[in-house]
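Beneath this line is the structure, given in structure tokens, with notes to follow.
The values are calculated or read from the model by the stated rules, or taken from the named source; none is laboratory data. Bear in mind the structure is a predicted one, so any value in this text is a computation, not a measurement. Don't worry about glycine lacking a Cβ; one is built from the backbone with ideal geometry, like all the others, and counts go over all protein chains shown. Accessible surface areas use protein heavy atoms only, side chains included; no ligands, DNA or RNA. Shrake-Rupley method; radii C 1.70, N 1.55, O 1.52, S 1.80 Å.
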Amino acid sequence: MTVAPLVRGLFLSALERPVIVRPTTAEATLALPVTEEELIGYSLGEVELPVVVSVGEERFEVVATERGEREISGRVAVVTGGAQGFGAEIAKGLVDQGCFVFIADLNGEGAKAKCAELGPNTHPITVNVGDEDSVAAMADEIARVTGGLDLLVSNAGIVRAGSVLEQNLSDFKLSTDINYVAFFLVTKHVGALLARQHLTAPAWLTDIIQINSKSGLAGSNKNAAYAGSKFGGIGLVQSFALEMVEHGVKVNAICPGNFYDGPLWSDPEKGLFVQYLASGKVPGATTVAEVKEFYESKVPMRRGATGIDVLRAIYYIVEQAYETGQAVPVTGGQVMMN
């Protein structure tokens, strides 16, 4: 197991700002203790970046990330399902704030294309969030490329709408696996990386944010597989928050309203507008346009959620050091907190 997260933690503690720790063959100018026990008890003195450090036979270059006005600026983040939809909007917003962003997606070519679009402060990862070996490999790759991270945005999700009287078991299970089980898997493996980093950075707070849904706060007619998995996600958020606080990790959820312009809703073949029209979820609707009008009319602000709406909630959660286990609605008033 690489010591890179422990090295990153030392610099987080000493500099109180995000850094990137990456393998190098350059000559080291600073030697750190060799054993993990010594690293955990070690305190860096004054140090200027960039610097090359050695830990036994391993050598790492430590470089600064961008500074900015926001707390989130310069942080290292991973966004699952980051190649399209909300995930792509989130990734772009984080890059715009000076973050280094891993774009992780089952669509590996899409992740590479999005990284090429967003620039050098990104790194693509092909991952199946429903497969534990794939998620574990993602965590290992993050540790190898940046030494650790500060923010996990668990965004990957899927919708399979249908009546409980008619839906196939395979569709129900797929919704559960991707929306619920996968959140457990990414928290297990990426959370372990955050916990390891915390050993040498006990005062540095990190974040796990699940992109949930308004359907995790209120039931959804003829969409039980999705709503049930999202309700379960809120239970995981609250439970993980209680456990991960001892590792300096805040765990929260964002519950957006409908992102009508993204492929989840607007894809002409598999989008929810098409699915809901076919399933008869909107009584009397005969066109996709009528389905969309029906859903927009339910929102007091008369529009769907957008990427910037979700990004502002992410910024808030990262900046708020005294909140964990929360589900933040971003619904235009469609679902309100009690």
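Condition test on LYS250, is it in contact (Cβ under 8 Å) with a residue 60 or more places away in the chain, over 20 Å from TYR180 (Cβ atoms), buried (at least 16 other Cβ atoms within 10 Å of the Cβ) and not assigned by the TED database to the domain that holds LEU151?
no
Out of (1) part of a helix (DSSP H, G or I); (2) open to solvent by 40 Å² or more (accessible area, probe 1.4 Å); (3) in contact (Cβ under 8 Å) with a residue 24 or more places away in the chain, what's the single condition that is false for ASN179?
Just one mismatch for ASN179, condition (2).
Please enumerate the residues belonging to region 72-96 that are assigned to a helix (DSSP H, G or I), at negative phi and open to solvent by 10 Å² or more (accessible area, probe 1.4 Å).
PHE86, ALA88, GLU89, LYS92, VAL95, ASP96, listed by residue number.
For region 267-289, which residues satisfy the criterion of being among the polar types (S, T, N, Q) and within 14 Å of ASN223 (Cβ to Cβ)?
GLN275, SER279
Need the failing condition index for LEU49 against (1) in contact with a helix residue (DSSP H, G or I) (Cβ under 8 Å, 6 or more places away or on another chain); (2) assigned to a loop (DSSP other than H, G, I, E, B); (3) crowded, with 16+ Cβ neighbours inside 10 Å, just the number.
Of everything listed in (1) in contact with a helix residue (DSSP H, G or I) (Cβ under 8 Å, 6 or more places away or on another chain); (2) assigned to a loop (DSSP other than H, G, I, E, B); (3) crowded, with 16+ Cβ neighbours inside 10 Å, LEU49 misses just condition (3).
Considering region 183-210 alone, what residues qualify as being without any contact (Cβ under 8 Å) to a residue 60 or more places away in the chain, among the hydrophobic types (A, V, I, L, M, F, W, C) and open to solvent by less than 40 Å² (accessible area, probe 1.4 Å)?
PHE183, LEU185, LEU194, ALA195, ILE208
Is there a residue being within 30 Å of VAL7 (Cβ to Cβ) and not aliphatic (A, V, I, L, M) anywhere in region 171-184?
The answer is yes, given that some residue of region 171-184 is within 30 Å of VAL7 (Cβ to Cβ) and not aliphatic (A, V, I, L, M).
For region 147-160, check the following and say yes or no: at least one residue is at pLDDT below 95, outside any loop (DSSP other than H, G, I, E, B) and either open to solvent by less than 30 Å² (accessible area, probe 1.4 Å) or over 20 Å from PHE240 (Cα atoms) (or both).
Taking every residue of region 147-160 in turn, none turns out to be at pLDDT below 95, outside any loop (DSSP other than H, G, I, E, B) and either open to solvent by less than 30 Å² (accessible area, probe 1.4 Å) or over 20 Å from PHE240 (Cα atoms) (or both).
Considering (1) more than 21 Å from ALA313 (Cα to Cα); (2) open to solvent by less than 50 Å² (accessible area, probe 1.4 Å), say which one THR287 fails and leave the rest.
(2)
Is there any pair linking a residue in region 126-145 that is assigned by the TED database to the domain that holds TYR180 to one that is acidic (Asp, Glu) and surrounded by fewer than 16 Cβ atoms within 10 Å (Cβ to Cβ), with Cβ under 9 Å and at least six apart or on different chains, and which?
Partner pairs satisfying both residue conditions: THR126/GLU109.
Would you point out which residue out of LEU264, LEU277, LEU272 is among the hydrophobic types (A, V, I, L, M, F, W, C), more than 30 Å from SER13 (Cβ to Cβ) and open to solvent by less than 10 Å² (accessible area, probe 1.4 Å)?
LEU272
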